[in-house]
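Report on the structure given below.
The values are calculated or read from the model by the stated rules, or taken from the named source; none is laboratory data. Note that the structure is a prediction, hence the values are computed from the model and not measured. SASA here: full protein model, heavy atoms, side chains in, ligands and nucleic acids out. Shrake-Rupley method; radii C 1.70, N 1.55, O 1.52, S 1.80 Å.
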Amino acid sequence: MRRSVVVAIAAMMAAVALTGLPAPAGSQSRTQPRALQAATLTSVSIPATASAPAAPGAPLVAPAPEGVLREAIFVEPGRKPKVPAHRPRVDQPATSSSSAWKPPRYSVSGEATFYDHGTTAMRLPSGTLVRICGPGGCIVRTVTDYGPQAPDRVVDLYRPDFFRICGCPSWSGTVKVTVAVY
């Protein structure tokens, strides 16, 4: 005698296997054809005209029935919308260059170099916002790669970014930078 649990599991597995099988191939009962509706077979009459026949490939244009406009531009009467004569002035407080940036969490100084992967690589989590300043200026980038591998470097930059902050000739390889981490 088999245990009832084993029999129940075998029956359940067979039921699951049968529901996953495709339907058997073979003939099926024919369905009755549906009757056509009268709206499907609408007659269209095109009147013959005494005008010259259309050129081959030209579209056929039927004359417009009486009282129907073929092409017309409809303009609804109304007033012209009021447009202000000038834009309103918004009174904004002036900001100095020092207050435009919030203070960074911390800053790192060291060497930067370039590589051609199109990313900014630092040993920070991906998505960290950094401002990199060098002798040629500053840029703001998001860290998108992990690096650099050399211990004396703090950031690897995309080649155009490197030469933007470097302000040096194209044969240069490294530059001293300060990186502010936000």
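Each residue of the stretch 160-168 was assigned a 3J(HN,Hα) from its phi angle through the Karplus curve 6.51 cos²θ - 1.76 cosθ + 1.60 (θ = phi - 60°); the sequence is x, 5, 4, 6, 6, 8, 6, x, 10 Hz, with glycine and proline shown as x. Candidate cross-link partners of K176 among the lysines, defined by an alpha-carbon separation under 30 Å and a same-chain spacing of 8 or more, comprise K102.
Across the stretch 142-157, rounded Karplus estimates of 3J(HN,Hα) from the backbone phi angles (6.51 cos²θ - 1.76 cosθ + 1.60, θ = phi - 60°) give 10, 5, 10, 8, 9, x, x, 7, 6, x, 8, 9, 9, 8, 10, 10 Hz, Gly and Pro being marked x. Ligands, DNA and RNA excluded, the heavy atoms of R141 present near 70 Å² of accessible surface to a 1.4 Å solvent probe. Taking the alpha carbon gyration tensor of the stretch 85-182, multiplying each eigenvalue by 5 and rooting it gives semi-axes of 30, 16, 13 Å, largest first.
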